[in-house]
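Undergrad: Handing you this structure, nothing more for now.
The values are calculated or read from the model by the stated rules, or taken from the named source; none is laboratory data. Bear in mind that the values here come from a model prediction, so they are computed numbers and not experimental data. With ideal geometry, Cβ positions are generated from the backbone for all residues, glycine too; neighbour counts draw on all protein chains shown. Only protein heavy atoms, including side chains, enter the accessible area calculation; ligands, DNA and RNA are left aside. Shrake-Rupley method; radii C 1.70, N 1.55, O 1.52, S 1.80 Å.
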Amino acid sequence: METPRFISYDYPEEKAAIQEMLEELRLSLASLDLDRIESHHLYGPKFTRVDDGKRIGAEEGRQVERDLFGAFTQFDSQFEDVRIDVFEHTALVTGLYLPEFEIGGQTNAVKFYLTFLLVNDGGQWKIVHEGLFNMPTE
């Protein structure tokens, strides 16, 4: 049996567009512009967010991000060891996410294992699922 194209083809143009989207997301987060951050998501009935095992839907996920990023006075982050797998109009992004932020005058750094499920919505890649899992820092 032949492997379906959406599994075997690498989709280099789509991967490049997703890499660009991730950089735009990183810059949006650094700007702490809540509307710009939201613009990278496709909130709706199929949206999910998982934070260390707790799954929430679109509206609660949106509010979590607004509350969280609204409290920061400074934010910077990096994506590391990123893998992008494209399946035509859907993509899975996995990797390490390393944010450093200031809140209440204190600087903090954390490390997450990140998963994003993206869909291509009219030529733009949007997040429809995000999962963040704390990793121990040394």
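Undergrad: Just one of the numbered conditions (1) over 20 Å from Lys126 (Cα atoms); (2) of a type in the set (Ser, Thr, Tyr); (3) out of contact with any strand residue (DSSP E or B) (no Cβ under 6 Å at 6 or more places or on another chain) is not true of Thr73; which one?
TA: The number of the failed condition is (3).
Undergrad: Same structure again: Give the residue that is farthest from Phe75 (Cα to Cα), with candidates limited to residues of region 1-47 that are among the β-branched types (Val, Ile, Thr) and open to solvent by 40 Å² or more (accessible area, probe 1.4 Å).
TA: Within region 1-47, the match that is farthest from Phe75 (Cα to Cα) is Thr3.
Undergrad: If you don't mind, another one. Would you pick out the residues in region 105-138 that are open to solvent by 60 Å² or more (accessible area, probe 1.4 Å) and in contact with a helix residue (DSSP H, G or I) (Cβ under 8 Å, 6 or more places away or on another chain)?
TA: Gln124
Undergrad: Exactly one condition in (1) open to solvent by 40 Å² or more (accessible area, probe 1.4 Å); (2) out of contact with any His (no Cβ under 8 Å at 6 or more places or on another chain); (3) more than 30 Å from Arg5 (Cα to Cα) is false for Ile56; which is it?
TA: (1)
Undergrad: List every residue pair whose Cβ atoms sit under 6 Å apart, with the two residues 6 or more apart in sequence or on different chains, where the first one lies in region 65-92 and is at pLDDT 95 or above and the second, anywhere, is open to solvent by 90 Å² or more (accessible area, probe 1.4 Å).
TA: Every condition considered, the pairs that remain are Asp76/Glu100.
Undergrad: Now for a separate question. Just one of the numbered conditions (1) touching a residue at least 24 places away in the same chain (Cβ under 8 Å); (2) under 16 Å from the mean Cα position of the chain (by Cα) is not true of Ser31; which one?
TA: Ser31 satisfies every listed condition except (1).
Undergrad: Ok, one more. Pairs under 7 Å by beta carbon, first residue in a loop (DSSP other than H, G, I, E, B) in region 105-134, partner at pLDDT 95 or above and open to solvent by 20 Å² or more (accessible area, probe 1.4 Å), six or more apart or different chains?
TA: Here the result reads Lys111/Leu96; Lys111/Leu98, each pair linking region 105-134 to a residue that is at pLDDT 95 or above and open to solvent by 20 Å² or more (accessible area, probe 1.4 Å).
Undergrad: Now for a separate question. Of the residues that sit in region 60-104 and are open to solvent by less than 30 Å² (accessible area, probe 1.4 Å) and β-branched (Val, Ile, Thr), which one is nearest to Tyr11 (Cα to Cα)?
TA: Val86
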